[in-house]
Amino acid sequence: MLNHALFLTFIITLFGASASAQSSLKSTLPIEAHASLANASQMNLSPDGNKVAFVQNGKGTLFLVVFDLTTGKKRFITKTDNLSVTLNWFEWVNNDVLLMGISSTVTERSVRYTVSRLRKFDLREDDEPKNVIRIGRNAHNSQFQDNVISMLPDDPEHVLLSIDLDTPNKPGVFKVNVQTGKRKRIERPKKNIDGWIADRQGKVRIMRQVDDTLVTYSLKDFKTNKWQKLFEYEVFSADRVSVLGFDKNPNILYFKAIHNDKDALFKMDVTDPKKTRELVYHDENYDVDGTLVYSEVTNEVVGFSHSGFDDVIKYWDEDLDKLQRSINKAIPDSTNVIMDTDITGKIYILYTAASDHPGAYLLGDRNANSLDYIISKYPLVEGALYNGKNNVKYTARDKTNIEGYITFPADYEKGKAYPAIIYGTR
């Protein structure tokens, strides 16, 4: 059972306020409180659970930060303006090295375009992120260089990278040493190649090819070293498939496909000659829109995410399901999401939000039976200042019914006109 007293203290100190203070703040709450990006996001624990990397917002400038949980020290790794330079993603290679993909806008002969670069930061020796890929004389200077298809969990120095170093716009696959930049070609580019997918053991198993409007997924047969057609469909057709990834068992593949007019989650044993599809989950009202969730302990698929779930993630792993139920009992009437764990599964990051607060990140320790506050997601909008969200439906110009959410200001008066801040999705 999680520590109830600790969480109650957290609630009182973080979200509690006197009536007079609440009344005063309601009338002075700036638009920026609702319009700004999150104060903190993308929490990512190091494998040993001693550090957490995350993105912190400083008045519109986004900083990649590493917080040492043992010393309490914070270190700034890099920053972006989120306009001309953006942080695409970041991940721990090992306990000391962060890998990141960074995009930037460049201008050449009056033409503006975007490039991405793969960079690493070693906490032991680097002062700033360094490029991983070094382009030789005879190699193509790839426009996009950060498409990592496997972090190779059993190899703390290498990753698998899909990149077009041989032929423009036709990526091959390379095993890259993130410290030295040395690389070894694993797969050469193929005709109409669009992308590659590796299994959990770091072996390239699937290639995706696009020929005009025809999309083909092919599976590599390691016995013959040949590629066999797995899925094929026309774009925008009801036969479309989106491959999500493999289980620890390299023969089990998860993917999304249409079922009763909605995207649903399926799995398949790729060794089955009939390629029988097994329905894992279907939502009759919404497309399944999430991703697979893997265990840092076993490397197995332990569940999947979907925005239609109360706590975002549905676990079929007994241990994580038990942890989720314990958290929900300790923090009731809230959305509680386990964001990440260390390699033991005992240290974890929890995101929690409810109708009276827009969210905060906590550090959980299963051995100590504790939860500690890390940082608030929207510190300017909390407690009585937060009015929650209300589900609304409206009809677009093409008569399509669209579902959305609206949050009213804390001092909202019915019938009074207010400026609207619109957050769109894509």
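Of everything in the range 373-402, what is crowded, with 16+ Cβ neighbours inside 10 Å and touching a residue at least 40 places away in the same chain (Cβ under 8 Å)? Give them in sequence order.
Tyr373, Ile374, Ile375, Ser376, Lys377, Tyr378, Leu380, Val381, Glu382, Gly383, Ala384, Leu385
If the condition is being of a type in the set (Lys, Arg), under 18 Å from Leu161 (Cβ atoms) and free of Cβ contacts under 8 Å to residues at least 40 places away in the same chain, then the range 120-142 contributes only Lys130. In the range 199-213, the residue that is farthest from Asp247 (Cα to Cα) out of those that are in a strand (DSSP E or B) and touching a strand residue (DSSP E or B) at 6+ places or on another chain (Cβ under 9 Å) is Val210. The test for being surrounded by fewer than 19 Cβ atoms within 10 Å (Cβ to Cβ), hydrophobic (A, V, I, L, M, F, W, C) and either assigned to a strand (DSSP E or B) or in contact (Cβ under 8 Å) with a residue 40 or more places away in the chain (or both) holds for Ile258. When Thr180, Thr213, Thr224 are checked against the criterion of being surrounded by fewer than 16 Cβ atoms within 10 Å (Cβ to Cβ) and assigned by TED's automatic domain parsing to the domain that holds Val132, a single residue qualifies: Thr180. Mind listing just one residue for me: the one in the range 349-372 that is not polar (S, T, N, Q) and not in a strand (DSSP E or B) and, of those, surrounded by the fewest Cβ atoms within 10 Å (Cβ to Cβ)? Looking at the filtered set, the residue picked out is Ala368.
Against the definition (modelled with pLDDT of 95 or more, farther than 29 Å from Asp211 by Cβ, outside any strand (DSSP E or B) and touching a Phe, Trp or Tyr at 6+ places or on another chain (Cβ under 6 Å)), how does Asp321 come out, yes or no? Yes; evaluated as a whole, the condition is true for this residue.
In the set Lys275, Lys256, Lys248, Lys223, only one residue is in contact with an Asp or Glu (Cβ under 7 Å, 6 or more places away or on another chain) and over 30 Å from Ile347 (Cα atoms); that residue is Lys256.
Scanning the range 237-257 for residues that are farther than 16 Å from Ile149 by Cβ and of a type in the set (Val, Ile, Thr) returns Val241, Ile252.
Filtered by the rule that a residue be surrounded by 18 or more Cβ atoms within 10 Å (Cβ to Cβ) and free of Cβ contacts under 8 Å to residues at least 24 places away in the same chain, the range 268-292 gives Met268, Gly290.
Close Cβ contacts (under 8 Å, 6 or more residues apart or on different chains) running from residues in the range 317-336 that are under 16 Å from Ala360 (Cβ atoms) to residues that are in a loop (DSSP other than H, G, I, E, B) and of a type in the set (A, V, I, L, M) comprise Ile327/Leu2; Ala330/Met1; Ala330/Leu2; Ile331/Leu2; Thr335/Val312. Please verify whether Val297 is in a strand (DSSP E or B), modelled with pLDDT of 95 or more and either touching a Gly at 6+ places or on another chain (Cβ under 8 Å) or exposed (fewer than 15 other Cβ atoms within 10 Å of the Cβ) (or both), treating the condition exactly as stated. Criteria not met by Val297. Of all the numbered requirements in (1) assigned by TED's automatic domain parsing to the domain that holds Arg137; (2) farther than 25 Å from Asn251 by Cβ; (3) surrounded by fewer than 17 Cβ atoms within 10 Å (Cβ to Cβ), Asp155 misses one, and that requirement is (2).
The values are calculated or read from the model by the stated rules, or taken from the named source; none is laboratory data. Since we're looking at a predicted model, the values are computed, not measured. Positions of Cβ are generated from backbone atoms using ideal geometry, with glycine treated the same way; all protein chains shown enter the neighbour counts.
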